[in-house]
Each structure stands twice: as structure tokens, then as C-alpha cells.
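Where a number appears in this text, it was derived from the coordinates with a stated rule and is not lab data. Keep in mind it's a predicted model, so treat the numbers as computed, not measured. Glycine gets a Cβ as well: all are built from the backbone with ideal geometry, and neighbour counts include every protein chain shown.
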Amino acid sequence: MKVTFMGTGTSVGVPAIGCRCDVCRSHDPMNRRTRTSALLTCAGRRVLLDASVDLRQQALREEMDSLDAVLLTHGHADHVFGLDDLRMFNYRQQMPIPIYGSERTLADVRRTFWYVFDDRPDASSRPALTLTPIIPATAPFTTAGLRVAPFAVLHGTVSILGYRIGRFAYITDASDLSGETVSALAGLDALVINALRRKPHPTHFNLEGALAAIERIGPKRAFLTHISHEFDHASLSREIPDGVQPAYDGLSFEVDHTS
């Protein structure tokens, strides 16, 4: 299975609007971070992990021409606002796209994209989405030929989802992991996890917290995502331990999708 980082930035992206810091003015393309999302490609099928508000430009960059499913971690704007751009895949494929998430997340989607689910006739174009709640929220399921095992992480005081597919796991916007979740992530070849900034944050891992979580889980390699403009890519790469690297938009790697 190929994993591609569609976006690796925080909710405001990097560069941030109006900011004149060294990272926001950097010419290093690895310091240009669109909002966080990833793409899984296996046997010709594609699954998105979150639908970033920057999905259109991400899909154009990666030359995406099809999509089979979307796995949502939670319902915040930077993770779901790209759902409207799925219209183009509907047009090409002539079928709805299944959207998976917790009941709470899908309720947020239904409320945010009310016009998508309005049964009244409307000449305006809108995406065709099939909301598929994961019940219970950590129940494994199969989509697009991939066996997906959701798991709970804390985003501040709110429980959101991460996803494990074979020897790969994806976490974003987490601030804490239970012992049960750590146990469920044993034996990973690759872990993606968020690292917002240096100072502690009430709803996201900072760098220290992300590195501590990586040490608890013990994957063979780990990638940091949801990175703010506080971090320069090259400097951060030199600072963190071997086997850990900051992700960047467009980075891809292969991992075993079977258990």
C-alpha cells in the first residue's frame, strides 16, 4: 500500500496568512504545508484520510482521477471542508462516495453540508456522499479492499478516531492516547502522528508529546504531521531521533496493508 501525504500543516496552513516569520517566508518547498490529509493507494483503489479544505489543489498535484472512500478522523473544518470537492469524482465515476466516521463526526458533516442531504429538488451541483457510521466507533470494517481498524484518541476532551490498516496507523489532532489504544497499535511498521508546536497545547500533541507517544507505541518508523510554522523542516529533521521524520506535502512511502 502506498501512503501519500496530501497535506501536513495545521488548521491555518503554512505559510500562515499575514505571517512574516522565517518559515512562512521560506523558499524550501518542504516548509509549504497545506492542511492535513493523506491518501492510501492499493491495487488501483484510493482512500482518503480526511478531506482537507485544500483538497482541490492536493488532488491536482497528485493527479488524482478517482476516489473510492474517505475515512474521517473528526468533523473540524480543516479535516472535512474538502468534501464539497468530491463532486468531480462523482461526475467521473457516476456513483456516490462512502464517507466513514463516528456517529458524532457524520452528524457534524450532515450539519455542515446541509445542502448535500436536502431532498428538495435543486439545480445546483452538489456532491453525492454516502454517510457510513462506524458503530461502535472502533469496529473494524472493510472498504476499497482494505481492512480498517479504527481506534480512539483524545483531541482535548473529545474522542476522535485514528485508523490502522495492516502495519500502518494514522493519528492526527491527538492530545493523549489510552493504554488500550497503545496496545492496539503494537507491531507497526509505520506510524503517522501529529506534532503541532514546541509548547504544550490543550488539544494537540506538541513535539515532546508526539515523541513520547512514538516511544510508547514503538513503530519501526514514524512521521510527524499537522506541523505549524514554528518548525523549519530541515532543522526539525536534524533534531528528532533516528526513525522519526517530519512529513512534507507529497511525501510517499510503501507499507504492508495486511496484518
**OP:** Would you mention how many residues in region 90-110 are crowded, with 20+ Cβ neighbours inside 10 Å and of a type in the set (S, T, N, Q)?
**Re:** 2
**OP:** Grab the strands (runs of 3 or more DSSP E) fully contained in region 160-259, keeping just those with 1 or more residues being surrounded by 21 or more Cβ atoms within 10 Å (Cβ to Cβ) and not basic (K, R).
**Re:** 168-170, 190-194, 221-225, 244-246
Subject >> Within region 161-193, considering residues that are touching a Phe, Trp or Tyr at 6+ places or on another chain (Cβ under 6 Å) and touching a residue at least 60 places away in the same chain (Cβ under 8 Å), the one nearest to H74 (Cα to Cα) >> reply: G162
**OP:** Could you tell me whether region 114-125 includes any residue that is surrounded by 16 or more Cβ atoms within 10 Å (Cβ to Cβ), touching a residue at least 12 places away in the same chain (Cβ under 8 Å) and more than 17 Å from S37 (Cβ to Cβ)?
**Re:** yes
Original post:
Which of the residues that make up region 175-229 are in contact with a helix residue (DSSP H, G or I) (Cβ under 9 Å, 6 or more places away or on another chain) and among the acidic types (D, E)?
Top reply: D176
Original post:
How about region 129-149: which of its residues are in a strand (DSSP E or B), within 23 Å of R110 (Cβ to Cβ) and without any contact (Cβ under 8 Å) to a residue 40 or more places away in the chain?
Top reply: T130, L131, T132, P133
